[in-house]
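Below is one structure, written out as structure tokens; comments come after it.
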Protein chains: 2
Amino acid sequence: MGKEIKRRNTKQRKAILEELKKLKTHPTSYTLFRILKRKFPKISLGTIYRNLNILKEEGKILELTGGKYGCHYDGCTEQHYHFFCIGCNNVFDLEIPVFKGLDKKVSKKGGIEVKYHRLDFYGYCQNCKKKGGDSYG
Amino acid sequence: MGKEIKRRNTKQRKAILEELKKLKTHPTSYTLFRILKRKFPKISLGTIYRNLNILKEEGKILELTGGKYGCHYDGCTEQHYHFFCIGCNNVFDLEIPVFKGLDKKVSKKGGIEVKYHRLDFYGYCQNCKKKGGDSYG
DNA sequence: TTAATTGCAAAACTTTTGCAACGCT
DNA sequence: AGCGTTGCAAAAGTTTTGCAATTAA
């Protein structure tokens, strides 16, 4: 409806999206900032945040709200589920089938309008499992 | 292991837990702060945060990391799933059966150690559905 | 050319923390 | 009495924003 903004394809925005598509360990905004600084030494956190919000709005990336601070970002927008390692704080994609039809079922049962769902698993990744044993709790 | 701390049962902590058990719309820390201020006009946000962390550590409440800012808190620690209304920002419990055994299955398949999972639904609640129609998108 | 974007700095917001006074046990 | 807890204020961490300069189209 309102004012359409004509986006430009800046080097910075391109690089952020590219990095997100490449990385398997979905980084936080700050991690992304440190990575991008290698290529753009003067890049600012403001630019990172602005572009993450734009890319999210355009549906090109996913925002994963896993921890208390700092969302993690995912360059793959196909629906899939995630595993959050509580040892190393990394986030991994899981290759388990998506529950299709679940949203509709829940909508009907609850009298609500479910748009999407998110299924997150928490625990220790292969690496942290090896290192920590069960001292982790 | 280390130093066991002997907790005291203060009025403030008791009231916070009580409020959380009572409310169906799981509040954020700040909402809780405003509610508790009615009973304790001088209560501070620091007290809210400290107690939420203690209660969480004691396993008496659940921390729901739904939005970018501000976790929501739930006074019920039985495993269950949640619905986040993207209209009014409230969070509701869902009464759908829990996927038992899912954690084990995913652990095996992924070579990881899943401790628990979280299933969140997003959309419009009964109220917001009525008000907004599909202008919400 | 021109309007979106950047880098920078400051502001806004959430959460934590140091400390003296207070209050459970 | 002893020490965990509170309220307050300041600090730390995350995210947004105003603005002049830059840059993609």
- Message: Of the conditions (1) under 17 Å from the mean Cα position of the chain (by Cα); (2) outside any helix (DSSP H, G or I), A:Ile35 satisfies every one except a single condition; which number is it?
- Response: (2)
- Query: Which of the following residues is closer than 25 Å to A:Asp103 by Cβ and either touching a Pro at 6+ places or on another chain (Cβ under 9 Å) or of a type in the set (Asp, Glu) (or both): B:Glu57, B:Glu78?
  - Reply: B:Glu78
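Conditions tested, residue by residue: (1) of a type in the set (A, V, I, L, M); (2) free of Cβ contacts under 8 Å to residues at least 12 places away in the same chain; (3) more than 8 Å from DNA strand D (Cβ to nearest atom).
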site: B:Lys6; (1), (2), (3): no, yes, no
site: B:Pro27; (1), (2), (3): no, no, yes
site: B:Thr31; (1), (2), (3): no, yes, yes
site: B:Leu36; (1), (2), (3): yes, no, yes
site: B:Asn51; (1), (2), (3): no, no, no
site: B:His72; (1), (2), (3): no, no, yes
site: B:Tyr81; (1), (2), (3): no, no, yes
- Item | Matching residues in the range B:82-100 - criterion: being out of contact with any helix residue (DSSP H, G or I) (no Cβ under 8 Å at 6 or more places or on another chain) and at pLDDT below 90 | B:Asn89, B:Asn90
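Considering only residues that are out of contact with any helix residue (DSSP H, G or I) (no Cβ under 9 Å at 6 or more places or on another chain) and modelled with pLDDT under 95, which ones fall in the range A:101-117?
A:Lys109
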- Do we have B:Lys109 as free of Cβ contacts under 8 Å to residues at least 12 places away in the same chain and within 29 Å of A:Leu64 (Cβ to Cβ) here? yes
- Can you name every residue in the range B:28-71 that is buried (at least 17 other Cβ atoms within 10 Å of the Cβ), touching an Asp or Glu at 6+ places or on another chain (Cβ under 8 Å) and at pLDDT below 95? B:Leu62, B:Leu64, B:Gly66, B:Cys71
- Query: Going through the range B:11-25 one residue at a time, which ones are touching a residue at least 24 places away in the same chain (Cβ under 8 Å), surrounded by fewer than 14 Cβ atoms within 10 Å (Cβ to Cβ) and more than 19 Å from B:Leu64 (Cα to Cα)?
  - Reply: B:Lys11
- Task: Please work out if B:Ile5 is exposed (fewer than 11 other Cβ atoms within 10 Å of the Cβ) and either within 14 Å of the chain's Cα centre (by Cα) or more than 25 Å from A:Leu94 (Cα to Cα) (or both).
- Result: yes
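Would you pick out the residues in the range A:15-44 that are more than 22 Å from A:His80 (Cα to Cα) and either away from DNA strand C (no atom under 15 Å from the Cβ) or touching a helix residue (DSSP H, G or I) at 6+ places or on another chain (Cβ under 7 Å) (or both)?
Within the range A:15-44, A:Ala15, A:Thr31, A:Phe33, A:Ile35, A:Leu36, A:Lys39, A:Phe40, A:Ile43 qualify.
The values are calculated or read from the model by the stated rules, or taken from the named source; none is laboratory data. Small disclaimer: the values here were computed from a predicted structure and weren't measured. Don't worry about glycine lacking a Cβ; one is built from the backbone with ideal geometry, like all the others, and counts go over all protein chains shown.
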